Amino acid sequence: MATLIRSKISNVATSVSHKSSAKVSGMFARMGFQAATDEEAVGFVHCDDLDYEHRQGLQMDILKSEGSGEEGGGETPLEGDTHYQRDGTGPLPPSGSKEQGLAAAEQDRPRITAWEAGWNVTNAIQGMFVLGLPYAILHGGYLGLFLIIFAAVVCCYTGKILIACLYEENEDGETVRVRDSYVDIANACCAPRFPALGGRIVNVAQIIELVMTCILYVVVSGNLMYNSFPNLPVSQKSWSIIATAVLLPCAFLKNLKAVSKFSLLCTLAHFVINILVIAYCLSRARDWAWDKVKFYIDVKKFPISIGIIVFSYTSQIFLPSLEGNMQNPKEFHCMMNWTHIAACILKGLFALVAYLTWADDTKEVITDNLPSTIRAVVNIFLVAKALLSYPLPFFAAVEVLERSLFQDGARAFFPNCYAGDGRIKSWGLTLRCALVVFTLLMAIYVPHFALLMGLTGSLTGAGLCFLLPSLFHLKLLWRKLLWHHVFFDVAIFVIGGICSVSGFIHSLEGLIEAFRDNTED
């Protein structure tokens, strides 16, 4: 009897520990720092994973405890007697308790307000890569400003139709949420012939964007440090190597809680830096070169500018998770409107006043144009922010790769990279280190911030923000769409496709040329 009591107490403690951990993880992802600190829209990739654990943990604990009581007919086991499995391979619960378990899990999920959701979206679309927008105006003039406005309108619209794809009408004519993520929408569009193809395409695009984001952080770190201390006998490549040496411990990360707290402070510092740059530009308003802003297009470089602008608006990948965790999902459309209007105004003003200040001398990273007296201080803050933001996309990319290739149950391509006690195996750690080194090699051989940003925006940014949402909307809801919705979707798909192909080709040509030059050197 004493042994049985001790066993029950241990099980209760274990259950409470597991549930508390899941709740804290889920709340941290949505209410804490991570989702609100990564301006390039990668925080919610990890948030989706934590949310999955949280929902599955609550659901499986509740369902299994109820199911065991019904089947055994004897003493009902406590919640801690069973554990949920992340891959969903545990025993299925009785159908009678399914709805109760889902309802209980749904009620316990932490929720965020529309203002908190707007903060997440604002950080996603108004982050560090805004520093490249004045360079886009350099090659596009007033058309570049128009594109900043146009991209905001289109991304706001595609974000809304992407969320619409999560819902369907039930037998009673009520609109209910039947999907949870971008991957679910993609898989639904490819079903029944290729039920997993869409999800794999989205995952590949997601991995490319995350890895390219990591590369951009290394590139911008080397660029900023080199231009901050030009008199030191240290090249930009050497600064990139130093930055990567600092980032190598990212391979050992198990969670992002500590890093995210620092990233929050860096995000606030970044907003201060933007204000400082605008203040300096306003102080030179008398010398603004209005005659340099014209209605012209640099045919060779403007497509790259398109990718830069599109990349600065990417947020679609985490919107399904964000909307699903709002206290009132009906406020989602209003939240998207004011966040994108604010982003459009701030980006347009920042890009315009910065370009007017330096005109044809505008550089790829606008802070490199600042006077040497304040450039070093501003750039050091930006480098610190870049280094502290690097772990977020890196960790998200690692999790997607590990889950897809090593932890997908029987569908995994390779053996599990984790041991039974949860520790990562040596070869799994080697792969993580190799990913860090790969970002360094790319940054060394192609140290061009604008080209890399344009390539990423043209390839994955346009695909995830323009092409796929409009395509999915037409595929899933075409019977209910009005004619103007069909027209908008088709127009966005065509225009997005043209811009994506054009920007990708020109960016790729520039990268190949830069790679050859660096190889010869």
Residue in the stretch 142-173 that is farthest from the chain's Cα centre (by Cα), counting only those that are surrounded by 22 or more Cβ atoms within 10 Å (Cβ to Cβ) and among the small types (Gly, Ala, Ser):
Gly144
For the stretch 264-308, enumerate the residues that are within 20 Å of Thr122 (Cα to Cα) and in contact with an Asp or Glu (Cβ under 8 Å, 6 or more places away or on another chain).
Thr267, His270
Can you find a residue in the stretch 174-191 that is at pLDDT 90 or above, open to solvent by 60 Å² or more (accessible area, probe 1.4 Å) and over 19 Å from the mean Cα position of the chain (by Cα)?
yes
Mind listing whichever residues of the stretch 199-236 are in contact with a Pro (Cβ under 7 Å, 6 or more places away or on another chain) and surrounded by fewer than 20 Cβ atoms within 10 Å (Cβ to Cβ)?
Gln236
In the stretch 299-314, anything open to solvent by 50 Å² or more (accessible area, probe 1.4 Å) and in contact (Cβ under 8 Å) with a residue 24 or more places away in the chain is listed as Lys300, Lys301
Top-ranked residue of the stretch 357-373 - restricted to ones that are among the polar types (S, T, N, Q) and either open to solvent by 60 Å² or more (accessible area, probe 1.4 Å) or not in a helix (DSSP H, G or I) (or both), ranked as farthest from Ile308 (Cα to Cα)
Thr373
Among Cys344, Cys281, which is part of a helix (DSSP H, G or I), open to solvent by less than 50 Å² (accessible area, probe 1.4 Å) and in contact with a Leu (Cβ under 8 Å, 6 or more places away or on another chain)?
Cys281
Checking Ala354, Ala376 in turn, the sole residue that is under 22 Å from Tyr217 (Cβ atoms), in contact (Cβ under 8 Å) with a residue 24 or more places away in the chain and open to solvent by less than 10 Å² (accessible area, probe 1.4 Å) turns out to be Ala354
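Look at the stretch 303-318 and say how many of its residues are in a helix (DSSP H, G or I) and either modelled with pLDDT of 90 or more or among the β-branched types (Val, Ile, Thr) (or both).
Here the count works out to 6.
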Index of the failed condition, Val219 passing every other in (1) farther than 22 Å from Pro134 by Cα; (2) modelled with pLDDT of 85 or more; (3) among the β-branched types (Val, Ile, Thr):
(1)
Could you figure out which of (1) of a type outside the set (Val, Ile, Thr); (2) modelled with pLDDT of 75 or more; (3) surrounded by fewer than 24 Cβ atoms within 10 Å (Cβ to Cβ) isn't true of Ala124?
(3)
Among Lys261, Lys300, which is at pLDDT below 90, part of a helix (DSSP H, G or I) and among the charged types (D, E, K, R)?
Lys261
Among the residues that make up the stretch 228-238, is at least one of them aliphatic (A, V, I, L, M), closer than 25 Å to Met128 by Cβ and outside any loop (DSSP other than H, G, I, E, B)?
no
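The values are calculated or read from the model by the stated rules, or taken from the named source; none is laboratory data. A quick note: this is a predicted structure, and the numbers were derived from the prediction, not measured. Don't worry about glycine lacking a Cβ; one is built from the backbone with ideal geometry, like all the others, and counts go over all protein chains shown. Surface accessibility is based on the protein's heavy atoms, side chains included, excluding ligands, DNA and RNA. Shrake-Rupley method; radii C 1.70, N 1.55, O 1.52, S 1.80 Å.
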